[in-house]
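**Q** The structure under discussion is supplied below as structure tokens; questions concerning it will follow.
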Amino acid sequence: MSLPYEQQASSALQQLGLSIAEQQLDQAAQQAAASSWSYTHFLGYLLDAELRFRHEKTVRLNLQFANLPYQKRLDTFDFQQQPSIDKRLIDELATGRFLHEGRNIVFLGPPGVGKTHLAIALGVLTAEMGHRIYFTSAIELARRMARALAENRLSREIKNLTRPKLLIIDEVGYLTLETTHASLLFQAICERYEKQQPIVLTSNKAFADWNQVFAGDAIMASAALDRLLHRSTVINIRGDSYRLKEKRKSKTVSQEVIAEK
């Protein structure tokens, strides 16, 4: 004789791997009976907690394997200190629309103006939307691909670089790449472009100087920019470094204290 459906419900949820729904089954059933819920309302309520739990787990895993040096958020960025940035544009990026459009985001500007903060914040936001992300500096990416090339597994490494929904490449142009490294960075950009997978990139170099990024190869630099900028939003940040501002502020405070003495 088969068990009544009421008794099967708990074990069925366990077998289906819906552990959170199973834990809330009795409480949800009592609330449904007391409030005269419809069957679909009861089912939706029961599954909502399960879905929220799974999403939170996905976000944790996304951030755990993202290789972020630290976490930053858009709401902690001081836009008043960088008036050259159009906050409305950043708010548009925060919708995540660029992810589905395969649109690259390029932050240009001198060191210390918040490029990496914004890049990481967009990465965290992407992870919280349920997507995989990966952060790397340009030199780290090139060295990683060079190791893969030496070990005859470059195609697998390139495939790994297209798996995350968003790839963040930081500090492009801070260190000069040798010819092989420049070529490998170019391959990574090309592969992401072909798959319409977006890149968030930060650089201290104006586009006119990108031949320096690619080991003096103007043709490779032009080809890389052609792919990066085909579908892109470019944000050029002008202003002083946060660190220099803090240093000047600290120095001013110290001088005032000495003067008071």
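The values are calculated or read from the model by the stated rules, or taken from the named source; none is laboratory data. Remember, it's a predicted structure, so these values are computed and weren't measured experimentally. Heads up, the Cβs are rebuilt from the backbone with ideal geometry, glycines too, and the neighbour counts pull from every protein chain shown. To get the accessible areas, we keep the full protein, side chains included, count just its heavy atoms, and leave off ligands, DNA and RNA. Shrake-Rupley method; radii C 1.70, N 1.55, O 1.52, S 1.80 Å.
**Q** At q = 0.12, 0.15, 0.23 Å⁻¹, what is the log10 ratio I(q)/I(0) for the stretch 1-85, with the Debye formula run over Cα points and no solvent?
**A** So the normalised log intensities work out to -0.58, -0.72, -1.13.
**Q** Mean-square fluctuation check for the chain, GNM, Cα pairs under 10 Å: which of SER38, SER137, SER222 is largest?
**A** SER38
**Q** If you don't mind, there's one more thing I want to ask. What distance in nm separates the simple spin-label points at ASP48 and LEU175, each placed 7 Å from Cα in the Cβ direction?
**A** According to this spin-label approximation, the distance is 5.0 nm.
**Q** Hey, what's the Kirkwood Rh for the stretch 27-125 if you take every pair of different alpha carbons, in angstrom? It would help to have the intermediate numbers written out before the result.
**A** Numbers: mean 1/r = 0.0592 Å⁻¹.
Kirkwood hydrodynamic radius for the stretch 27-125: 16.9 Å.
**Q** On a 0 to 90 degree scale, rounded to 10, what angle separates helix 5-15 from the longest Cα axis of the chain?
**A** On a 0 to 90 degree scale, this one is about 30.
**Q** Return one number: the angle in degrees, 0 to 90 and rounded to the nearest 10, between the long axis of the Cα atoms of helix 25-35 and the longest principal axis of the Cα atoms of the chain.
**A** It works out to around 70 degrees.
**Q** Now, a different point. Note the angle between two axes, namely the Cα long axis of helix 218-230 and the longest principal axis of the Cα atoms of the chain, as a number of degrees from 0 to 90, rounded to the nearest 10.
**A** 40 degrees
**Q** What FRET efficiency do you get for ASN67 and LEU154 if R0 is 30 Å and r is their Cβ-Cβ distance, rounded to the nearest 0.05?
**A** Numbers: r = 19 Å, r/R0 = 0.65.
FRET efficiency, ASN67 to LEU154: 0.95.
**Q** Carbon and sulfur together cover what percent of the accessible area of the chain at a 1.4 Å probe radius? Let's see the in-between values first.
**A** Numbers: 7730 of 15190 Å².
C and S atoms contribute 51 percent here.
**Q** If R₀ is 30 angstrom, what is the calculated FRET efficiency for the pair TYR39 and THR95, using the beta carbon separation as r and rounding to 0.05? Show your work: numbers first, answer last.
**A** Numbers: r = 35 Å, r/R0 = 1.16.
So the FRET efficiency works out to roughly 0.30.
**Q** If we restrict to alpha carbons, what Rg and Dmax does the stretch 123-195 come to, in Å?
**A** Calculated on Cα positions, Rg and Dmax stand at 12.4, 37 Å.
**Q** Stretch ARG144-ASP75 to full length: gain in nm at 0.36 nm per residue minus the Cα-Cα span?
**A** Working: separation 69, 0.36 × 69 = 24.84 nm, distance 3.26 nm.
Extending this stretch completely gives an extra 21.6 nm.
**Q** Would you compute, for the Cα atoms of the chain, the largest minus smallest coordinate along each principal axis and list the three values in descending order, in whole Å?
**A** 79, 65, 31
**Q** Another question about this same structure. What is the percent of Cα-Cα separations in the stretch 72-115 that go past 16 Å?
**A** Values: 400 of 946 pairs.
It works out to 42 percent of all Cα pairs.
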